[in-house]
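Report on the structure given below.
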Amino acid sequence: MSSTVISNIATLVTNDPSLGDGSPLGLVRDAAVVIDGDHVVWTGETSKAPATDNRVDAGGRAVLPGFVDSHSHLVFAGDRTEEFNARMSGRAYSAGGIRTTVAATRAAADAELEATLTRYLAEALRQGTTTFETKSGYGLTVADEARALRIAAAHTDEVTYLGAHIVAPEHAEDPAAYVDLVTGEMLDACAPYARWIDVFCEKGAFDGDQARAILTAGKARGLHPRIHANQLSHGPGVQLAVELDAASADHCTHLTDADVDALAHSDTVATLLPGAEFSTRAAWPDARRLLDAGATVALSTDCNPGSSFTSSLPFCVALAVRDMGMTPDEAVWSATAGGAAALRRTDVGRLAPGARADLILLDAPSHVHLAYRPGVPLVSAVWRRGVREV
């Protein structure tokens, strides 16, 4: 292994308040960061950087941790352009479109599903995402859910079993039987490939009692809960997430004061997914309300073929600043350290000694440009595990 210093950094985001300016972003000006192997071993001012084997000149640009996308649905087949076009022409969004992707995914060969997954992972990497979570949920049979997770597990450790995305079409008249399948035979087949278990707790999907049964069964098999909560309407999802110590309650669009208070006094992260609101013309989540209450907030893409077909966390950062009441600093923190918190990770989402060497170089002097220059491809270089990949 060899050491590398990236120096002449105008603004370094460390996400360590003990470094730099003492803010949550731990900003260091005129900075350098030293990588040894696959970890960060030093950060500070360029003038104080230790000698290394290699040197990279950042050219007065910004460096920040690689983005952590803690919510995506990348094992799928098919296309829902027609549905999107109809929605943009006035048709309301509902969970029913998932069935279209289920049919296409079931019909696809393993190689097609893996090719789709790796295509969007490469797309996300070019935009600075170095850690990602992805789910099953488009198979809804024992065999199809297990193969989705097996394919995903070859590319990430952050794999989520989402057999409870919607009730499978063949069980539409007997949802209780489908819950039995999800918590029984399907769970047995899927648990070896997954770290997490998730459920879409929403009208048209699973109610609170069903969601509790599914997540509790997953916990008994060693899978930790996360939950699609309160996306389309007020519901029990957030309260259930806190009750079960879920790592994350995702969407959080429709919240009561009690929901906000519960999140603020728990370890459950509120993961906001502005790509979904952008793509469905739904009401924006109120990030300001959550942050002011003291809740931990993450930003993720929710990349999926139906309701949020974007792999770009920079785009989500810009949306969060423009439409969800976040400052640029808060949005960048939420897309990096916040995503790490939603995955209960301490090795990613920050650039301090001991962290994994996942970092991105912007073609801009400050991280603020991610919101200031929306839609511009500002990520000019990406290192993952100490290796430059972009």
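The values are calculated or read from the model by the stated rules, or taken from the named source; none is laboratory data. Only a predicted model underlies this, so the values are computations on that prediction, with no experimental measurement involved. Here Cβ is always computed from backbone atoms with ideal geometry, including for glycine, and neighbour counts include all displayed protein chains. Surface accessibility is based on the protein's heavy atoms, side chains included, excluding ligands, DNA and RNA. Shrake-Rupley method; radii C 1.70, N 1.55, O 1.52, S 1.80 Å.
Which condition number does Gln239 fail, the rest of (1) more than 29 Å from Thr118 (Cα to Cα); (2) without any contact (Cβ under 8 Å) to a residue 12 or more places away in the chain being met?
Status for Gln239: all satisfied but (2).
Going through the stretch 335-360 one residue at a time, which ones are out of contact with any His (no Cβ under 8 Å at 6 or more places or on another chain) and within 18 Å of Thr11 (Cβ to Cβ)?
Correct list: Ala335, Thr336, Ala337, Gly349, Arg350, Leu351, Ala352, Asp358, Leu359, Ile360.
Being part of a helix (DSSP H, G or I) and β-branched (Val, Ile, Thr) is the filter here; which residues of the stretch 317-332 pass it? Quick ask: steps written out before the conclusion?
Taking the stretch 317-332 as the starting set, the residues that turn out to be part of a helix (DSSP H, G or I) are 317-323, 328-332.
Scanning the stretch 317-332 gives Val317, Val321, Val332.
Considering (1) touching a His at 6+ places or on another chain (Cβ under 8 Å); (2) farther than 22 Å from Arg91 by Cα, say which one Glu202 fails and leave the rest.
Of (1) touching a His at 6+ places or on another chain (Cβ under 8 Å); (2) farther than 22 Å from Arg91 by Cα, only one is false for Glu202: (2).
For the stretch 208-218, state whether one or more residues are under 17 Å from Thr141 (Cβ atoms) and either small (Gly, Ala, Ser) or open to solvent by less than 10 Å² (accessible area, probe 1.4 Å) (or both).
Scanning the stretch 208-218, I find at least one residue that is under 17 Å from Thr141 (Cβ atoms) and either small (Gly, Ala, Ser) or open to solvent by less than 10 Å² (accessible area, probe 1.4 Å) (or both), so the answer is yes.
How do the pairs read when you match residues in the stretch 264-284 that are on the phi > 0 side of the Ramachandran plot with residues anywhere that are in a helix (DSSP H, G or I) and of a type in the set (D, E, K, R), using Cβ under 8 Å and keeping only pairs 6 or more apart or on different chains?
If the second residue must be in a helix (DSSP H, G or I) and of a type in the set (D, E, K, R), the pairs left are Arg281/Arg87.
Could you grab me the full set of residues in the stretch 117-156 that are more than 19 Å from Ile360 (Cα to Cα) and of a type in the set (Gly, Ala, Ser)?
The answer is Ser136, Gly137, Gly139, Ala143, Ala146, Ala148, Ala152, Ala153, Ala154.
Would you point out which residue out of Thr118, Thr141, Thr130, Thr46 is of a type in the set (S, T, N, Q) and in contact with a Gly (Cβ under 6 Å, 6 or more places away or on another chain)?
Thr130
Those residues that are within 15 Å of the chain's Cα centre (by Cα), more than 14 Å from Asp16 (Cβ to Cβ) and open to solvent by 40 Å² or more (accessible area, probe 1.4 Å), I need them from the stretch 323-353; list them, please.
Correct list: Arg344, Arg345.
Tally the residues that are touching a residue at least 60 places away in the same chain (Cβ under 8 Å), among the polar types (S, T, N, Q) and either part of a loop (DSSP other than H, G, I, E, B) or more than 23 Å from Val34 (Cα to Cα) (or both), restricting the search to the stretch 333-353.
Residues that pass the stated criteria total 1.
Look at the stretch 21-71 and say how many of its residues are open to solvent by 60 Å² or more (accessible area, probe 1.4 Å) and assigned to a loop (DSSP other than H, G, I, E, B).
Within the stretch 21-71, residues that are open to solvent by 60 Å² or more (accessible area, probe 1.4 Å) and assigned to a loop (DSSP other than H, G, I, E, B) number 4.
Scan the stretch 110-164 residue by residue and report those that are open to solvent by 20 Å² or more (accessible area, probe 1.4 Å) and among the charged types (D, E, K, R).
Asp110, Glu112, Glu114, Arg119, Glu123, Arg126, Asp144, Arg147, Arg150, Asp157
So which residues in the stretch 219-241 are in a loop (DSSP other than H, G, I, E, B), touching a Lys or Arg at 6+ places or on another chain (Cβ under 8 Å) and open to solvent by 20 Å² or more (accessible area, probe 1.4 Å), if there are any at all? Break it down into steps so the answer makes sense when it comes.
Restricting attention to the stretch 219-241, the residues satisfying the condition of being in a loop (DSSP other than H, G, I, E, B) are 221-223, 226, 230-236.
With the extra rule that they be touching a Lys or Arg at 6+ places or on another chain (Cβ under 8 Å), the set shrinks to 223, 232-233, 235.
Across the stretch 219-241, the qualifying residues are Leu232, Ser233, Gly235.
Within the stretch 1-20, take every residue that is within 20 Å of Ala335 (Cα to Cα) and part of a strand (DSSP E or B) and give me the one that is nearest to the chain's Cα centre (by Cα).
Leu12
Does the stretch 78-90 include one or more residues that are more than 30 Å from Ala164 (Cβ to Cβ), open to solvent by 70 Å² or more (accessible area, probe 1.4 Å) and part of a strand (DSSP E or B)?
There is no residue in the stretch 78-90 that is more than 30 Å from Ala164 (Cβ to Cβ), open to solvent by 70 Å² or more (accessible area, probe 1.4 Å) and part of a strand (DSSP E or B).
Applying the selection to the stretch 171-197, what residues are β-branched (Val, Ile, Thr) and either open to solvent by 20 Å² or more (accessible area, probe 1.4 Å) or farther than 18 Å from Ile227 by Cα (or both)?
Thr183
Please enumerate the residues belonging to the stretch 122-148 that are of a type in the set (A, V, I, L, M, F, W, C) and free of Cβ contacts under 8 Å to residues at least 60 places away in the same chain.
Ala122, Leu140, Val142, Ala143, Ala146
May I ask you to list the residues in the stretch 354-383 that are in contact (Cβ under 8 Å) with a residue 60 or more places away in the chain, in contact with an Asp or Glu (Cβ under 9 Å, 6 or more places away or on another chain) and loosely packed, with under 15 Cβ neighbours inside 10 Å?
Correct list: Gly354, Pro377.
Given the conditions (1) out of contact with any strand residue (DSSP E or B) (no Cβ under 9 Å at 6 or more places or on another chain); (2) open to solvent by less than 10 Å² (accessible area, probe 1.4 Å), report the number of the one that Cys316 does not fulfil.
Checking Cys316 against (1) out of contact with any strand residue (DSSP E or B) (no Cβ under 9 Å at 6 or more places or on another chain); (2) open to solvent by less than 10 Å² (accessible area, probe 1.4 Å), the one that fails is (1).
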